[in-house]
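The values are calculated or read from the model by the stated rules, or taken from the named source; none is laboratory data. Owing to the predicted nature of the structure, the values given are computational and were not obtained by experimental measurement. Heads up, the Cβs are rebuilt from the backbone with ideal geometry, glycines too, and the neighbour counts pull from every protein chain shown. Remember, those area values only see protein heavy atoms, side chains included, never the ligands or the DNA or RNA. Shrake-Rupley method; radii C 1.70, N 1.55, O 1.52, S 1.80 Å.
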Amino acid sequence: MVVGDIATGTDVLIIGAGPGGYVAAIRAGQLDLDVTLVEKDAYGGTCLNHGCIPSKALITATGVAHEAGNAEEMGIHADPAIDMGGMMEWKEGVVDQLTGGVEKLCKANGVNLVEGTAEFDGENRVRVAHGGEGQGSESIEFEHAIVATGSRPIEIPGFEFDGERILSSRDALALKSVPDSLVIVGAGYIGMELAGVFAKLGTDVTVVEMLEEALTGFADDLAKPVVDTMEDLGVEIRLGEAASGWEETGEGIAVTTETDGGEETSYDCEKALVAVGRAPVTDTLDLEAIGLEPDGDGFLATDDRARTKLEHVFAVGDVAGEPMLAHKGMKEGQVAAEVIAGEPSALDYQAVPAAVFTEPEIGTVGLSPEEAEDDGFSPVVGQMPFRASGRALTTGHTEGFVRIVADEESGFVLGGQIVGPEASELIAEIGLAVELGATLEDVAATIHTHPTLSEAVHEAAENALGHAIHTLNR
Amino acid sequence: MVREFKLPDVGEGVAEGEIVQWLVEPGDEVSEDQPVAEVETDKAVVEVPSPVNGSVKEIRAEEGEVVPVGEVIITFAVEGEDEDEEQETAESEEPTESQEQVSEEPADIGDGSEPIETSAGRVFAPPNVRRLARELGVDISSVSGSGPSGRVTEGDVRAADEGSGERSKGPKQFDAGLQSATRKAGESGEGDGSTDDTGAVESADRDRTLAAPATRTLAEEEGLDLNRVPATEERDGEAFVTPEAVKEYAQAQREAKAADAQAVSEAGTGADGEPAEREERVPYRGIRRTIGTQMATSKFTAPHVSHHDTAEVEGLVEARAELKARAEERGVRLTYMPFIMKAIVAVLKEFPEMNASLDEESEEIVVKNYYNVGIAVATDAGLMVPVVKKVDEKGLLQLASEVNDLAKKARERSITREEMQGGTFTITNFGAIGGEYATPIINHPEVAILGLGELAERPIAEDGEVKAAHTLPLSLSIDHRVVDGADAAAFANRVMEYLENPTLLLLE
């Protein structure tokens with residue numbers, strides 16, 4: 001502690017203004033708590049600034065270009081020209097609008113905003129270093145703290161991010177020009193989403209993946225349409241190859257991969273993007289000062305009130321563990337704020353939905369048939385292929401399907417998996433059904449608008465019940 | 001929809017109650033707070049009020065049956081609530097063939113009666129219902145769902161809260177029931193199950209018997225306890241009694257009684273010419289059993305030591321005689337009890353370990369800095385212990401009037417549980433009936449009890465002379481785990497000092 005330093009006090013100190021942190025701050029402000037939100041970079045965190053929002057902006061923009069250029073079947077002949085600068089400007093406009101909105105909402109809810117990097121300095125105290133050298137620092141004493149410091153991309157040995165040749169996902173989303181060729185290390189959802197973006201921009205994309213499958217964590221039948229579409233877009237997917245090193249080649253770089261068997265391959269490219277996952281940011285906080293220790297992966301363990309082992313310290317969002325999803329962090333932030341305010345809040349959701357914005361999209365929520373069986377249910381499955389959907393045909397995207405999983409005896413909807421057009425949106429209906437404890441009958445008895453893609457959810461429920469009209473029943 | 005009503009917890013330590021009498025029948029319309037049953041619990045007969053407006057759907061406990069707290073005793077069909085849900089429940093109660101097949105399997109879920117729970121422990125309920133459960137402190141995994149396929153609804157959570165709420169909220173929830181407790185158990189007439197105990201025909205004596213309402217009425221008319229009627233059928237694995245079985249059993253009972261009477265008259269008659277029964281069996285129930293349980297707990301938990309002594313109380317007799325007339329002018333009957341209470345409280349302040357209890361679980365002696373004195377009162381139904389609160393803050397007249405008032409309520413059985421709780425020390429006045437010494441059993445978990453013998457003139461020796469003087473025999477029992485014999489003797493000596501010189505009380 002600095003001699004003569006006078007600390008300001010606050011009810012709730014929140015470290016990090018990402019989706020977990022800003023939601024916690026706004027909710028705590030609504031609940032009449034005195035809230036201080038510390039952010040070192042930009043309001044909105046990774047999601048708004050370097051993740052979900054910019055990537056989805058670019059996915060949409062490149063999608064428009066790609067669609068327009070590939071619509072001969074619909075009688076459209078176009079050759080879209082992409083102005084990368086314009087596209088980035090539009091993307092940044094979207095981001096600015098959202099981050100500005102977060103800042104305004106925080107202020108409107110009485111949240112004190114402090115810029116800087118927070119470090120614990122005792123059980124009820126943090127030290128916030130403002131900006132760079134000479135910018136000074138301040139101490140803040142708190143009753144409760146919420147750690148919402150998020151995550152950062154994982155680097156792999158030999159592939160340190162430099163923003164020039166070796167890019168993180170954040171760098172890739174800020175590129176000013178379209179690279180001619182790109183090696184993407186990692187075929188997870190970030191790698192596959194960005195593979196789609198750059199392929200549609202005309203980049204020659206190669207994806208190398210150490211594991212034997214792309215999109216691990218998703219069932220094969222969900223991953224396959226994505227892999228097929230990527231290949232149709234010209235993306236080369238190399239499985240079972242681990243990136244082992246790279247070197248300058250004059251014109252660009254050569255990325256070397258190695259198989260388990262020791263076989264080496266070299267890929268020439270302009271840049272390499274490393275997207276092998278994200279690690280929680282807990283190393284900047286001096287957690288030792290309050291006696292908290294992250295687990296081996298860097299996460300802070302929390303209970304169903306988002307509380308760490310310390311009664312007055314909470315952790316939300318990516319630092320609180322998998323899945324690292326903004327909407328999970330938002331819920332945790334809300335619950336943490338409500339618990340601090342003495343409300344009977346808890347993390348008792350039945351399912352966390354997830355979406356991958358590849359082409360086609362993947363959306364999942366709740367239990368897969370296998371998981372349902374493991375949990376002691378007798379699962380029944382209903383499925384509807386998009387090729388049987390009138391609306392899907394009219395969009396030109398008929399790949400994929402909707403699957404709904406329910407308990408055969410009670411009919412309760414337990415989960416769903418969708419791959420196909422607008423899967424990220426459509427999954428919400430199944431999520432709602434899971435949360436409400438709705439049955440297949442409930443979904444089937446709900447009239448869905450025709451002609452829409454959501455009819456596929458309805459039809460899947462009918463299919464599970466054995467009276468689907470537009471498909472053959474199971 | 002159907003609302004279940006569970007026997008509420010009526011206070012500390014009460015685990016069960018006896019259904020004395022049902023005041024309603026299936027099909028009856030009831031309004032909220034209307035008494036539906038009389039339940040005899042620990043030392044009080046309470047009227048249980050309906051929690052809802054609606055009609056009685058099913059009565060699940062027999063009169064005379066002892067029901068554990070938390071068991072559903074009656075169900076109501078609630079008007080104005082979702083009719084579809086009612087249909088759902090009704091249907092699920094009468095399983096179709098296919099449902100029956102399903103229900104044979106162990107993983108029988110979705111029958112509408114139990115919460116849907118899997119090995120993963122999932123309960124199906126919408127988020128707003130989950131939140132409500134958290135707000136009310138209801139464990140949603142223990143709530144029976146009445147929604148489709150057993151989904152837990154808002155109503156289910158509220159019903160669970162009402163059913164168990166009394167446990168956590170205690171007196172507040174049950175006040176209405178207690179305040180209406182004005183009836184003596186003996187006045188309830190039928191349902192005490194004592195009329196058919198002489199039967200020579202073997203009785204069944206089950207805990208639970210299924211029967212149609214008309215059969216129940218028939219059994220009532222015959223004065224029979226359905227649980228004793230031999231059953232010829234089973235429904236859902238439980239004994240089911242038909243009207244024919246009731247008639248047959250009633251006839252057999254009458255014949256047996258007639259045979260007994262004849263046998264007795266042949267063997268000789270009683271002094272009044274009436275046949276005298278050799279023995280009679282009276283159910284060990286209600287208050288009698290509660291007293292028994294309490295006494296046994298105390299006797300076998302706390303090692304009792306009794307200390308006896310006699311106070312010479314001429315001073316007390318004079319003081320009371322002097323004040324009695326003044327008290328009567330103010331409409332108060334002044335007994336010796338308030339003096340004794342004041343004396344005891346004065347001494348308890350000197351011996352705090354006597355005004356204590358032992359918390360066995362946490363291994364702590366809980367010394368009370370408040371003085372609530374229980375006064376054991378003999379009533380027709382048995383011993384009751386009303387508690388006079390804050391004795392140290394009250395004057396003689398106020399104590400006299402409170403003691404009189406509480407004793408009257410106890411005898412009339414209109415006393416509430418609250419008026420019998422919270423004691424820190426107990427006095428038992430067996431001397432009011434006569435006698436000198438006894439071994440009082442401590443009112444567990446208190447650690448001491450003072451028994452009073454009869455205040456009477458007795459011979460005492462003074463300066464080598466025997467003379468008559470008013471004396472009061474004292475019997476003090478202590479829990480030897482907490483209090484030692486020497487302390488008991490010192491305590492008794494100080495009490496005697498106050499009783500022999502009541503003017504000392506003026507210093508208090």
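Which residue, chosen from A:T10, A:G416, B:G315, occupies the Cα position most advanced towards the positive end of the dipole of the protein assembly as shown, where the dipole is computed from +1 (Lys, Arg) and -1 (Asp, Glu) charges on Cβ about the Cα centre?
Highest projection toward the positive end goes to B:G315.
At a Cα cut-off below 17 Å, give the aspartates and glutamates reachable from B:K408, other chains included and same-chain residues fewer than 8 away excluded.
Qualifying aspartates and glutamates at Cα under 17 Å: B:D380, B:E418, B:E419.
Please list the non-local residues whose amide H lies under 5 Å from the amide H of A:W246, H modeled 1.01 Å from N, same-chain partners needing a gap of 5 or more.
Amide H neighbours of A:W246, under 5 Å, 5+ apart: A:T256.
What share of all Cα pairs of the range A:154-196, in percent, falls into each consecutive 10 Å distance bin?
In whole percents, the pair-distance histogram is 25, 63, 12.
Can you give the accessible area of A:Y189, probe radius 1.4 Å, in Å² rounded to 10?
Roll a 1.4 Å probe over it and A:Y189 shows about 90 Å².
Just the number, please: buried accessible area between B and A, total of both chains, 1.4 angstrom probe, nearest 100 square angstrom.
Working: alone 26290 and 21490 Å², together 45960 Å².
By this definition, chains B and A bury close to 1800 Å².
Using the Cα atoms as the points, what is the convex hull volume per residue of chain A in Å³? Present the calculation step by step, with values, prior to reporting the outcome.
Numbers: hull volume 82.6 nm³, N = 474.
Dividing the Cα hull volume of chain A by its residues yields 174 Å³.
Cα centroid distance between the range A:24-62 and the range B:430-456, in Å?
One Cα centre to the other: 75 Å.
Using a 7 Å offset from the Cα along the Cα-to-Cβ direction at both B:T217 and A:D297, what is the distance between the two label points in nm, to one decimal?
Calculated label separation equals 6.8 nm.
Please get the size of the charge dipole for the protein assembly as shown, origin at its Cα centre, with Cβ charges of +1 on Lys and Arg and -1 on Asp and Glu, quoted in debye to the nearest 20.
Working: 76 positive and 192 negative charges, 761 e Å.
Roughly 3660 debye for the protein assembly as shown.
Calculate, for A:D41 and B:L506, the FRET efficiency according to 1/(1 + (r/R0)^6) with r their C-beta to C-beta distance and R0 60 Å; round to the nearest 0.05.
Working: r = 79 Å, r/R0 = 1.32.
The formula returns an efficiency of 0.15 here.
Sum -39500 (n - 2.57) across every DSSP H segment of at least 4 residues in the protein assembly as shown, then divide by the residue count to get the 222 nm mean residue ellipticity, nearest 500. Walk me through the numbers on the way to the answer.
On the way: 25 runs with 314 residues, N = 982.
That calculation yields -10000 deg cm²/dmol at 222 nm.
Could you derive backbone 3J(HN,Hα) for the range A:163-170 from the dihedral phi with the Karplus parameters 6.51, -1.76 and 1.60 (θ = phi - 60°), listing whole Hz in sequence and x where the residue is Gly or Pro?
Each residue of the range A:163-170 in turn: x, 10, 9, 9, 9, 8, 4, 4 Hz.
Amide H neighbours of A:E361 under 5 Å, counting only residues 5+ apart in sequence or on other chains, H built in-plane at 1.01 Å?
A:G420, A:E422, A:A423
For the range B:306-365, which trypsin sites (Lys or Arg not before Pro) are both in a DSSP coil and crowded by at most 15 other Cβ atoms within 10 Å? Don't skip to the end; give the middle numbers.
Values: sites: B:R320, B:K324, B:R326, B:R330, B:R333, B:K342, B:K349; in loops: B:R330, B:R333.
Counting only loop positions with at most 15 other Cβ atoms within 10 Å, the trypsin sites (Lys or Arg not before Pro) in the range B:306-365 are B:R330, B:R333.
Let me confirm one metric for peptide A:399-408, namely the mean number of other chain beta-carbon atoms within 10 Å of its residues' beta-carbons. Mind dumping the intermediate values first?
Numbers: counts 0, 0, 0, 0, 0, 0, 0, 0, 8, 1.
Taking all residues of A:399-408 together, the mean is 1.
Which lysines have a Cα lying under 20 Å from the Cα of B:K247, excluding residues fewer than 8 positions away in the same chain?
B:K257
Using the charge dipole of the range A:186-239 (Lys, Arg: +1 at Cβ; Asp, Glu: -1 at Cβ; taken about the Cα centre), state which of A:G234, A:G217, A:A199 has its Cα farthest towards the positive end.
A:A199
Let me know the mean shielding of A:372-385 by other chains, meaning the per-residue number of their Cβ atoms within 10 Å of its Cβ.
Values: counts 2, 0, 2, 5, 8, 7, 3, 0, 0, 0, 0, 0, 0, 0.
Going residue by residue through A:372-385 and averaging, the value is 2.
Please compute the Kirkwood hydrodynamic radius of the range A:1-142 from all pairs of different C-alpha atoms, in Å with one decimal. Don't skip to the answer; put the middle values down first.
On the way: mean 1/r = 0.0571 Å⁻¹.
Final number for the Kirkwood radius of the range A:1-142 is 17.5 Å.
Once ligands and nucleic acids are excluded and a 1.4 Å probe is used, how much of B:Y370 is accessible, expressed in Å² to the nearest 10?
100 Å²
Which whole-number percentage describes the relative contact order of chain A, with Cα contacts under 8 Å and a sequence gap of 6 or more?
On the way: 1067 pairs, mean separation 65.2, N = 474.
14 percent.
Top to bottom by accessible area (1.4 Å), largest first, where do A:M330, B:M420 land? Could the numbers behind the result be given before it?
On the way: A:M330 65, B:M420 35 Å².
My answer, sorted largest first, is A:M330, B:M420.
Is there a pair in B:K324/B:K390; A:K104/A:K200; A:K271/A:K331 whose C-alpha atoms are over 26 Å apart, and which pairs would that be?
Values: B:K324/B:K390 23 Å; A:K104/A:K200 36 Å; A:K271/A:K331 37 Å.
Pairs exceeding the cut-off: A:K104/A:K200; A:K271/A:K331.
How long is the protein assembly as shown along each principal axis, judged by its Cα atoms, biggest number first, in Å?
131, 84, 54
At a 1.4 Å probe radius, carbon and sulfur cover how many percent of the accessible area of the range B:325-439?
Values: 2500 of 5280 Å².
Heavy-atom surface of the range B:325-439 belonging to carbon and sulfur, 1.4 Å probe: 47 percent.
Taking every pair of alpha-carbon atoms in the range A:207-277, what share in percent sits in each 5 Å bin, from 0 to the bin with the longest distance?
4, 15, 22, 23, 19, 12, 4, 1, 0
In the range A:79-139, with Lys and Arg counted as +1 and Asp and Glu as -1 at Cβ, which of these residues, A:V102, A:G131, A:P80, has the Cα nearest the positive end of the dipole, that is, farthest along it?
After comparing all options, I get A:V102.
A:V207's amide H: which non-local residues (gap 5+, or another chain) put their own amide H closer than 5 Å, with H modeled 1.01 Å from N in plane and none for Pro or chain starts?
The list, which skips near neighbours in sequence, is A:I184, A:E236, A:I237, A:R238.
How well do other chains shield peptide A:337-349, expressed as the mean number of their Cβ atoms within 10 Å of each residue Cβ? Please list the in-between numbers first.
Values: counts 0, 0, 0, 0, 0, 0, 3, 7, 3, 3, 0, 8, 2.
Mean partner shielding for this stretch: 2.
Mind ranking A:R165, B:R285, A:R125 by accessible surface for me, highest first, 1.4 Å probe?
Details: A:R165 55, B:R285 95, A:R125 25 Å².
Correct descending sequence by accessible area is B:R285, A:R165, A:R125.
Need one value: the accessible area of A:H470 in square angstrom, 1.4 angstrom probe, rounded to the nearest 10.
120 Å²
If each Cα of the range B:398-462 is one equal point scatterer, what is log10 of I(q)/I(0) from the Debye formula at q = 0.16, 0.19, 0.23, 0.26 Å⁻¹?
The computed values of log10 I(q)/I(0) come out as -0.71, -0.94, -1.17, -1.24.
From the phi of every residue in the range A:137-149, what ³J(HN,Hα) in whole Hz does the Karplus formula 6.51 cos²θ - 1.76 cosθ + 1.60 yield, where θ is phi - 60° and glycine or proline is x?
Once rounded to whole Hz, the list reads 8, 8, 10, 10, 9, 10, 7, 10, 10, 10, 8, 9, 7.
If you plug each phi of the range A:217-231 into the Karplus form 6.51 cos²θ - 1.76 cosθ + 1.60 with θ = phi - 60°, what whole-Hz ³J(HN,Hα) values come out, in order, with x for Gly and Pro?
Per-residue couplings from phi come out as x, 10, 4, 3, 5, 7, 6, 4, x, 5, 4, 4, 5, 4, 5 Hz.
Leaving ligands, DNA and RNA out of it, rank B:W22, A:W90 by accessible area with a 1.4 Å probe, largest first.
Order by accessible area, largest first: A:W90, B:W22.
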